[in-house]
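Below: one structure, written as structure tokens.
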Amino acid sequence: MPTKWNFEAEYIQSCNCAWGCPCNFDALPTTGNCEALVSWHIRKGTFGSTKLDGVTFAWGLWWPKAIHMGGGTGRVYVDPKAKPDQREAIEKITGGKEGGGVFAIFPSTFTKSLPAKTAKINFKYKGVDSSFAVDGVGAVESEHIRNPVTGAPFEGYILLPGGINMKKSTVTNIRRWWLRDDAPGWDMAHENVAGFVTVQRYNEKGPLKSAA
């Protein structure tokens, strides 16, 4: 049985699809494959008896086609401020055997899940204008989508009652993101692609309807 766990986290997502990301609507990815770098900063939470408050981690992700078609590769990066028991908890949650919606489903689509790596993560959650950087590995910079005619900032939201990762999120433009890691052979770089920012609660059953 999965360990009882829960956390509330600030979440920043980038991928290589067009704004809004067709994967959220059971459609195929914009360019045929899926690449992403995402990160969570846990405001408060527990894994069994282990407190997770303040832990920051990121996930590098790659699939050759749509996510559900499999063949993916994933690697978790954990900020060194995490204590050994906290890092172990994050490795277990992202390992696919402790439930939690996306944390169980994504690993089931991997051909390779590389060992977690310690890397400093500079995480800045400021709504649409959020960003994070994984030291020596990658970075994500979020901003408003701009109206193509007037240049005015566009505000939009995605509502996913059955979402495996988030129930409601702000849709953003990722001005730039990149991810380089020799172990999985990753050398990704994208500009002006899909992004999302939100505060989401999770437990071993998956994402909950709204943040506390």
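A few remarks follow.
- Legend note: in the chain, cysteines whose Cβ sits 4.7 Å or more from every other cysteine Cβ are C15, C23, C34.
- Label assignment, Rg and Dmax of the Cα atoms in Å derived from the structure, set (1) 17.3, 51; (2) 24.0, 88; (3) 16.0, 54: (3)
- Two-site FRET efficiency, N6 against L160, from Cβ-Cβ distance with R₀ of 22 Å, rounded to 0.05: 0.65
- Angle in degrees between helix 84-93 and the longest Cα principal axis of the chain, rounded to the nearest 10: 60 degrees
- Which listed pairs, of K65/K92; K83/K205; K65/K117; K126/K167; K65/K209; K44/K112, have C-alpha distances above 22 Å, in listed order: K65/K92; K83/K205; K65/K117; K65/K209; K44/K112
- For the chain, adding -39500 (n - 2.57) for each run of n ≥ 4 DSSP H residues and dividing by the number of residues yields -2000 deg cm²/dmol at 222 nm.
- Close amide H contacts of G195 (hydrogens built in the peptide plane, cut-off under 5 Å, sequence separation of 5 or more or a different chain): G20, T172, I174.
- Residue-wise HN-Hα coupling along the range 156-164, computed from phi with Karplus coefficients 6.51, -1.76, 1.60 (Hz; x: Gly, Pro): x, 9, 10, 10, 10, x, x, x, 8
- Surface composition of the chain: carbon plus sulfur atoms hold 52% of the accessible area, using a 1.4 angstrom probe and ignoring ligands, DNA and RNA.
- Estimated FRET transfer efficiency (K126, L28; beta-carbon r; R0 22 Å; 0.05): 0.10
- Ordering of 118-127, 29-38 by packing is 29-38, 118-127, highest average first (other Cβ atoms within 10 Å, averaged per residue).
- For the range 10-71, a crude dipole built from +1 on the beta carbon of Lys and Arg and -1 on the beta carbon of Asp and Glu, taken about the Cα centre, is about 160 debye to the nearest 20.
- Taken per residue, the accessible surface of the chain reaches 48 Å², heavy atoms only and a 1.4 Å probe.
- Anisotropy class of the range 131-212 from Cα gyration tensor, a/c 1.5 cut: oblate
- Treating each Cα of the range 57-137 as an identical point scatterer and summing with the Debye formula, the log10 of I(q)/I(0) at q = 0.20, 0.24 Å⁻¹ comes to -0.96, -1.15.
- Efficiency of FRET between R180 and K81 - r from beta-carbon atoms, R0 35 angstrom, step 0.05: 0.95
- Sorting the segments 142-149, 82-89 by their mean number of nearby beta carbons within 10 angstrom, highest to lowest, gives 82-89, 142-149.
The values are calculated or read from the model by the stated rules, or taken from the named source; none is laboratory data. These numbers were taken from a predicted model, which means no experiment stands behind them. For neighbour counting, all protein chains shown are included, and Cβ atoms are generated from backbone atoms with ideal geometry for every residue, glycine included. We work out accessible area using only protein heavy atoms, side chains counted, and drop any ligands, DNA or RNA first. Shrake-Rupley method; radii C 1.70, N 1.55, O 1.52, S 1.80 Å.
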